[in-house]
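Following: one structure in structure tokens, then a few remarks.
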Amino acid sequence: MKSLIFILLLGVALAEDDKIVGGYECPKHSVPYQVSLNSGYHFCGGSLVNENWVVSAAHCYKSLIEVRLGEHNIQQTENTEQVISSSSVIRYPYYDSWTIDNDIMLIKLSKPAAFDSYVQPVALPEGCAAAGTMCMVSGWGNTMSSTADRNKLQCLEIPILSQKECENAYPGMITSSMFCAGYLEGGKDSCQGDSGGPVVCDGVLQGVVSWGYGCAEKDHPGVYAKSSDASQKCASLRSYVARVCRLLSLPVAVPREDGRIIGGYECIPNSRPWMASLNYGYHFCGAVLINDQWLLSVAHCWYNPYAMQIMLGEHDLRASGSTCPYTPAPHTLLKPDISGYDYQTLDYDIMLIKLFHPVTITDAVKPVPLPSGCPYSGIPCSVSGWGYTDTEATTSPARLQCLDVPVLDDKECHNAYPGMITRHMFCAGYMDGGRDACNGDSGSPLVCLGEVHGLVSWGQGCAQPGYPGVYTKVCEFIPWIKETMDAY
């Protein structure tokens, strides 16, 4: 029997809400290569490198991205903007989501950008910049200042640090495709993101904002992906870009990544106080608070443990004054592999997350009880999540969506998915389609009569007739949940 899988979390954060700390508002349109990656909201930055291509960070991946160029104030229309959708989104082939190595991504625009005084490309590097070189990082977001406007592009000058300083700050975590930049005394940083945004030195794109520990903290500078082919010691990314740019019809995988509640309604604010958002720079999956320090989600939402932040007490994810994120404790626990979480069948699709500190219980943040038994056919339930509200949408609403669904009997479930339903799964929804938790809301809770009975796991298509949603059956895991929480 294999032991529990422990995932070490070092408190390292990727883009949550882009933050330039200790910087200043950029002069208008002085950074004409800066782009905003949008999915109904700004979630990452990027750099225009020619009229057809944008470079960003691989951990910012979404299958469909709206690229906004010529922006300064992202909350105002300034008549300088160009809004172009992506036609291909291509992560670097050797990107490693665990170590965040080779954190580079290319986005092909669906039509060429028009160059003008507001939109211009930045040059790619011929080689790597030396330690001590001053560079500029830019992005939108919370500046941690009461006077700065978070919607206006922020700039910060930072020096490249030596590889030794970088490795001392993050022992065993820095690869040849990463470098550090910033101030070891803290106070200035691209923090919790501006992920994918540019680091430009002497007019050349030398880096992409990747990750870092905390926020402008002492002895923990920002870590950046080199705009270079890591396998060739600072050989230029030019060759990779050139190769990719010739692939005009490269197929792109479309993962289940954006949560959708189809045919539902906006939840009453704070009516689902147990609801949590797992955040990797943007809402990625749902989770449910089951006591003051533990949450449940699904195992297939485990992605990059260095990046995870947990948002509780939320209703509108885009509202200003949003709650501060909670940080996981030193381990995220998956179901014991003896029973075999299977990423292909999604059996044993469950995950426990422990918070570093207990939450304060309020009307907006409150756990939901675990089930006292297993769900039965016809029991009324409600599923909630953030995401698209119809099958044709390309941007998602920020406000929590709810949908009332019944649990289906086992026969209907097995008939819908012959040979695919295990005893750890059940179906809920409508056989006639039109209403579903679809393409995600993964990990979000299905609450029946005040108890969490299910976690959104998988399904065929999106609110299609004959294919209800499939949920992880929480009652099957009660012994493991209680034993794990008692042990840790």
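The values are calculated or read from the model by the stated rules, or taken from the named source; none is laboratory data. What you are looking at is a predicted structure, and each value in this text was computed from that prediction instead of being measured. Glycine gets a Cβ as well: all are built from the backbone with ideal geometry, and neighbour counts include every protein chain shown.
Numbers for the structure displayed
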{"item": "First in region 133-153 and farther than 19 Å from residue 32 by Cα and polar (S, T, N, Q), second anywhere and at pLDDT below 65 and outside any strand (DSSP E or B), Cβ under 8 Å, 6 or more apart", "result": "142/17; 142/18"}
{"item": "Cβ pairs under 6 Å, 6+ apart, first in region 378-407 and surrounded by fewer than 24 Cβ atoms within 10 Å (Cβ to Cβ) and basic (Lys, Arg), second in a strand (DSSP E or B) and at pLDDT 60 or above", "result": "399/266; 399/316"}
{"item": "Test: residue 29 is touching a residue at least 24 places away in the same chain (Cβ under 8 Å), of a type outside the set (Ser, Thr, Tyr) and in contact with a strand residue (DSSP E or B) (Cβ under 8 Å, 6 or more places away or on another chain)", "result": "no"}
{"item": "Failed criterion for residue 437 (all others in (1) at pLDDT below 90; (2) touching an Asp or Glu at 6+ places or on another chain (Cβ under 9 Å); (3) on the phi < 0 side of the Ramachandran plot hold)", "result": "(2)"}
